[in-house]
Structures are given as structure tokens and as C-alpha cells.
Amino acid sequence: MTTGKKENDRPEAEAYESVTPESPASEIPQESEDAPEDAPASEPDELETLRAENESLRDEFLRAKAEAENARKRAQTEITNARRFAVEGFAGELLNVRDSLDLARAVDLNEGDSVVERVVEGLELTLRQLDSVFERFSVYEIVLKTPKITPHY
């Protein structure tokens, strides 16, 4: 049994010895001497790489910032134009209604009953035209559920 214990002790010692490096001690300082020599040579390259990356990121940031500012200005211009042209479009459509009313006003009602009937028919068409303009521009009549409002109340 004692021989078994010695054999068990021996492989542990061999395992411990195999973990330690078998290279000479003189090689280790050479590796550490090589590392400092490479480090100063790589630092300027790394510094230049970082500067180039920094400049690239700065350029991307400035471009993104300019693009956002341009988008904001375009949106503001579009809003201004939409307001301006919405009023112009509505006014242009109302001019057609006005032209129809001018034609109705120019009719001589003394010519007979047929003329009056045509004027009434023309006014009905003009009202339909006006309703169509209002509908196109989302202008709707508000129907009151209470009696008319009197300003003297």
C-alpha cells in the first residue's frame, strides 16, 4: 500500500512540474522588451486611426445635424405654403359661386314668370355649388338643438 501512495504522490508532482513553463528565464525578459518597442510604434498608428475615426464620426454628426435642420425648414415651408394655398384654393372656388350669383342678379325679372323660374332654378344650382365647395373644404353647417340665440339675452 505504501507503494501506491508514493505512486499517487509522484503523478501530482509531475503534474505540478508540467504546469510550470520549461522555457529558459532569459526568454521572458526578451518578450517584455519586445512589447515596449512595439507599443511606441503602434501608438502613433493607433492615434492616427482614432483621429481618422473621430473625424469621420464628426463629419457624420454634422451631416445628420444639417439634414435635420433642412428637414425642419422644409416642413416649416410646407406648412406655410399649405396655409397660403388652402386659402387661395377656397377663395378660388368661391369665385365660381360669386360668378353664378352675379349672373342671377343681372337677370331682368320684369320679362315674365319663366324668367323668375329660371332665376330660382339658377339659385338652387348656385346653392348646390356652394354646398359642394364647403364639403370639399370640410366646412359644415352647425345645427342648433336649442332655439335661436338672441344677442340681447
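Can we say Glu46 is surrounded by 10 or more Cβ atoms within 10 Å (Cβ to Cβ), among the charged types (D, E, K, R) and at pLDDT below 90? Criteria not met by Glu46. Here the condition is being more than 30 Å from Arg136 (Cβ to Cβ), over 59 Å from the mean Cα position of the chain (by Cα), modelled with pLDDT under 50 and not charged (D, E, K, R); of Ser23, Ser32, it holds for Ser23 alone. Residues in segment 99-109 include at least one that is touching a Ser or Thr at 6+ places or on another chain (Cβ under 6 Å) and not hydrophobic (A, V, I, L, M, F, W, C).
Would segment 115-128 turn up any residue that is over 30 Å from Ala82 (Cα atoms), surrounded by 10 or more Cβ atoms within 10 Å (Cβ to Cβ), modelled with pLDDT under 85 and out of contact with any helix residue (DSSP H, G or I) (no Cβ under 9 Å at 6 or more places or on another chain)? Checking segment 115-128: not a single residue is over 30 Å from Ala82 (Cα atoms), surrounded by 10 or more Cβ atoms within 10 Å (Cβ to Cβ), modelled with pLDDT under 85 and out of contact with any helix residue (DSSP H, G or I) (no Cβ under 9 Å at 6 or more places or on another chain).
The values are calculated or read from the model by the stated rules, or taken from the named source; none is laboratory data. Treat the numbers as computed from the prediction; the structure is a model and nothing was measured. Quick reminder, even Gly has a Cβ in these numbers, built from the backbone with ideal geometry, and neighbours come from all protein chains shown.
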